[in-house]
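J.: Please see the structure below; I have some questions.
What follows draws every value from the coordinates through simple rules; no lab data is involved. Note that this is a predicted model, so its numbers are computed, not measured. Here Cβ is always computed from backbone atoms with ideal geometry, including for glycine, and neighbour counts include all displayed protein chains.
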Amino acid sequence: MLKSEDHSNHGLMQKKEYSIEVGGKQMTAVFTDWAVRANGSVIMKYGNTTVLVTAVMGGEKAGLGYFPLSVEYEEKFYAAGKMLGSRYMRREGRPSDEAVLSGRIIDRTIRPLFDHHIRREIQVIATVLSLDEDDGDVLGVIGASLALGVSNIPWGGPVSAVRIGKIPGDDTLIINPVYAQRGDDALLDFLICGKDGLVNMIEVAAREVPEEELSKALELAVGEHTKIQKWQEKIIAEIGKAKADMPKHATSPAIVEAFTSLVASKLSDAIYSGTTVSGLYPLKGEWLAHAKTLEGVNPNDADDYFEHMVDEAVHRGVIEENKRPDGRALDEIRPLFAEAGGISPMIHGTGLFYRGDTHIFSALTLGGPGDAQIVDTIEYPEASKRFMHHYNFPPFSVGETGKSGSTNRRMIGHGALAEKALRAVIPAKEKFPYTIRLVSETLSSNGSSSMGSVCASSLAMMDGGVPITRPVAGIAMGMMSDAEKGVHKVLTDIQGPEDHFGDMDFKVAGTSIGVTGVQMDVKVAGVAVETLMKAFEQAKKARLEILEVLTNALPAPRADISPRAPKILTTKVKVDQIGMIIGPGGKMINGIKDRTGVEEITIDDDGSIFITGKGGAAEAALKEILGLTREFIPGERLEGEVTRLMDFGAFVRIGPNTEGLVHVSEIASFRIAKISDAVAVGDIVPVTIKEIDEKGRYNLSIKEADPSFAERKGLTPAPRENNDGRSHNGGDRGRSNRRF
């Protein structure tokens, strides 16, 4: 239901609100003059989460060879109501990975709906003003749609977004689940964007969910899209500005004539040569060199025309002839190769995966719980990550020179996608307490290096002895379509021209049981749900084929981790024993670390202890901790070291922090003269716990633990003194014990 409220106030701040119910909560779009200089702006509210989205169009960039759109998602620390960031720098710095990924979601959703011949800079900025339990990315997408929609910027929206979730123990699909419902245990976290009943952007994290379940989520999302789209259309019709006129730049007749005479006859052979390196790239270079000699021709226009003609030819080949540039069938995968291990014993685990000319090397590093990454963002303040996947894309992987070593948004996005796909098979901390870091190096790229990273990383973890539940494989699906004819052809394992000129990049990762990660981008307005389900079906067939190659390389995780990886031992103590283990100012725990040489001892609030070390250090530290926390019971037989001698008996250490008294009468069945006749400081003696008194003091007995102790020591009964001072042999009748 659309609700509208006008709060205009005669020259003061202008304000108009529109509301709609989504997922049981009210979503509100507030239009004010806050950002009056922007072409369009809106404040989106959902629960206690608020996002300001602005859209601005700059001047024309003459001679530019691409559509200059930029999207930023800015997180402000004040939005979380906390003092985040470094203690030395309380100001926002570079965007967090979460912010980068949210910005990419908005970008990938709105970009296909622009005319890419526009050469004026357009910038969309989503600023998170407040953040509670609802993520700001869904608001960012809808806010961008409304800010562009009410502005004068030419754009093909509106577009809508909704997140669909599912939690364990509940078959209900949840609309816009909150953060608590999207944790590591969530069965499904599915973000879908689209318009007019079509889908144009997907992000999925799932725990081996069958494709049929994803189909239900898609249908539910499309229904919500329709409702939100109608709401937006009413708003835009009421307050939207007239769109600026931007006529398409006409192609120079000189370019068309020169292309026809020089390139047209060679284009088909170049496209279907089997490789862009030997075919299409040289032809393009020849064309651009010739274009520079044409009078009055902009090289960027010549480049655009070449790309346009290749796009048409590639589409025509697939749609009319089922013909792909490298000659494969539409559902055929390129040649596969997989290898686990064998790179270097220094690395804890390695995997190498080839799919055609896409070659990925992944390396595994294992660390202790203390090596987990601290995440200090407004979404997850003071959280930590024990599983990480990082992705690198050096320039040599595409045969180019360029800046090396830096991380860009694409690398962050591809790394996060592979991490999301693999997270479902990572063992629980209780079973495998290690911090796991994977790094995927793109050695050669010709389509879907992110899905290649999933495959190589599965091998690296199995090689390193990580007990994953099952290997994960990924594949990139594509599509060539003709909207006028209503034809859509789905392609398996896209590469080169199919990736660059295709209408869809649909990456699907999963196990033999179900889907674990999906990401979809399109270059068209959207894709029908039935086409997506066909793509899912073809992706499953390809995934199973790849999984067979992976398991042939390594059938299961190795039984043991690398000897170069640290060993982690675990135990659990009572919560009230934690302070004793740590000691005043950390004295006790630091002493254990110094004595044993252990790398780290991590203690969770529930009493779980993780000890990380090499060369027997972890075992030694565990022994000390177990000794510290051991709870003794009466009747237990032990061995302990004599620490002190007193007239009335000996103190014996039975634990690192526990001593008990062996009274002189508990040495033998008869009276002995002196305790020093029986034991000396430093002796290791057998004892039985006779009693633990109400004050927690231990009374020990040697004679109960070892009745022959006195005999072996050669002890004899001491003479007993009469009241007249004379002594005689006999037992010590009628005396009383001193108990400590």
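J.: Give the relative contact order (percent, whole number) for the chain; include only Cα pairs under 8 Å separated by 6+ residues. Could you put the intermediate results ahead of the total?
T.: Values: 1605 pairs, mean separation 67.7, N = 740.
Reported relative contact order: 9 percent.
J.: Compute the distribution of all C-alpha to C-alpha distances in region 550-604, in bins of 10 Å from 0, and list the percent of pairs in each, rounded to whole numbers.
T.: 18, 37, 20, 15, 9, 1
J.: Please sort 558-568, 492-502, 575-585 by packing, taking for each peptide the average over its residues of neighbouring beta carbons within 10 angstrom, highest first.
T.: Order by mean packing, descending: 492-502, 558-568, 575-585.
J.: In addition: Return the Rg/Rh ratio of region 254-321 with Cα-based radii and a Kirkwood Rh.
T.: Dividing the radius of gyration by the Kirkwood radius yields 0.98.
J.: Shifting gears a bit: According to the Cα gyration tensor, what semi-axes, each the square root of 5 times an eigenvalue, does the equivalent ellipsoid of region 602-730 have, listed from largest to smallest in whole Å?
T.: Values: eigenvalues 285, 45, 26 Å².
Semi-axes from the Cα gyration tensor: 38, 15, 11 Å.
J.: Hey, what did region 524-634 get for relative contact order, percent, Cα under 8 Å, at least 6 apart? Don't skip to the answer; put the middle values down first.
T.: Details: 95 pairs, mean separation 27.5, N = 111.
About 25 percent, as a whole number.
J.: Between Lys76 and Ala673, what length comes free when the chain is fully extended (0.36 nm per residue of separation minus the Cα-Cα distance, one decimal in nm)?
T.: Details: separation 597, 0.36 × 597 = 214.92 nm, distance 7.96 nm.
So the extension gain works out to 207.0 nm.
J.: To the nearest 20 debye, what charge dipole does the chain have about its Cα centre, counting +1 at the Cβ of each Lys and Arg and -1 at the Cβ of each Asp and Glu?
T.: Numbers: 86 positive and 102 negative charges, 447 e Å.
Here the chain has a charge dipole of around 2140 debye.
J.: Let me ask something else. For the chain, with the dipole built from +1 on Lys and Arg beta-carbon atoms and -1 on Asp and Glu ones, taken about the Cα centre, which of Asn200, Ile125, Ala460 lies farthest toward the positive end?
T.: Checking the options against the dipole of the chain, the answer is Ala460.
J.: What ³J(HN,Hα) values, in whole Hz, does the Karplus curve 6.51 cos²θ - 1.76 cosθ + 1.60 give for region 89-100 when θ = phi - 60°, with x put for Gly and Pro?
T.: 9, 8, 10, 4, x, 5, x, 5, 4, 4, 5, 4
J.: Which order results if Asp482, Asp185 are arranged by neighbouring Cβ count within 10 Å, fewest first? Let's see the in-between values first.
T.: Details: Asp482 15, Asp185 11.
Placing the least packed residue first, the sequence is Asp185, Asp482.
J.: Something else about it: Average projected area of the Cα convex hull of region 478-589, in nm²?
T.: Numbers: hull surface 56.4 nm².
The orientation-averaged projected area of the Cα hull of region 478-589 comes to 14.1 nm².
J.: Same structure, new question: What does the convex hull of the Cα atoms come to per residue for region 551-654, in Å³? Please list the in-between numbers first.
T.: Values: hull volume 18.1 nm³, N = 104.
Taking only Cα atoms, region 551-654 has a hull volume of 174 Å³ per residue.
J.: If you look for lysine pairs in region 336-553 that are eight or more places apart or on different chains, how many of them have Cα atoms under 14 Å apart?
T.: Numbers: Lys385/Lys420; Lys385/Lys429; Lys420/Lys507; Lys489/Lys534; Lys507/Lys534; Lys507/Lys540; Lys507/Lys541.
Lysine pair count for region 336-553: 7.
J.: Fewest first, what order do Ser130, Ser404, Ser96 take by the number of other Cβ atoms within 10 Å? Kindly include the intermediate steps, with their values, before the conclusion.
T.: Numbers: Ser130 17, Ser404 9, Ser96 20.
Ranked by crowding around the Cβ, least crowded first: Ser404, Ser130, Ser96.
J.: Could you check how many percent of all C-alpha pairs in region 336-553 are farther apart than 31 Å?
T.: Details: 5044 of 23653 pairs.
Cα-Cα pairs of region 336-553 separated by over 31 Å account for 21 percent.
J.: Give the angle, between 0 and 90 degrees and rounded to the nearest 10, that separates the Cα long axis of helix 299-321 from the longest principal axis of the Cα atoms of the chain.
T.: 80 degrees
J.: Find how much the distance from Leu626 to Ala264 grows on full extension, using 0.36 nm per residue of separation minus their present alpha carbon separation; answer in nm with one decimal.
T.: Working: separation 362, 0.36 × 362 = 130.32 nm, distance 7.94 nm.
Value of the extension gain: 122.4 nm.
J.: Okay, next question. Which order do peptides 14-25, 284-295 fall in by mean Cβ count within 10 Å, highest first? Display every interim value, and only then the final one.
T.: Values: 14-25: 16.2, 284-295: 13.8.
My ranking of the peptides, most packed first, is 14-25, 284-295.
J.: Order these by the 10 Å Cβ neighbour count, fewest first: Thr602, Thr596, Thr612. Please report the intermediate quantities before stating the final value.
T.: On the way: Thr602 17, Thr596 21, Thr612 26.
Fewest to most other Cβ atoms nearby, the residues stand as Thr602, Thr596, Thr612.
J.: Suppose the Debye formula is applied to equal point scatterers at every Cα of the chain; what is log10 I(q)/I(0) at q = 0.07, 0.11 Å⁻¹?
T.: Each listed q corresponds, in turn, to -0.63, -1.22.
J.: Among Ala528, Pro433, Gly655, whose Cα lies farthest out toward the positive end of the dipole of the chain, if unit charges sit on the beta carbon of Lys, Arg (+1) and Asp, Glu (-1)?
T.: After comparing all options, I get Gly655.
J.: Check which residues have an amide H placed less than 5 Å from Phe387's amide H, if you skip close sequence neighbours.
T.: Result for Phe387 returns Ile436.
J.: Please work out whether region 223-359 counts as rounded, prolate or oblate from its C-alpha gyration tensor, where a ≥ b ≥ c are the square roots of the eigenvalues and a/c under 1.5 means rounded, while otherwise a/b larger than b/c means prolate and anything else oblate? It would help to have the intermediate numbers written out before the result.
T.: On the way: a/c = 2.14, a/b = 1.17, b/c = 1.82.
Since a/c reaches 1.5 but b/c is at least a/b, the shape of region 223-359 is classed as oblate.
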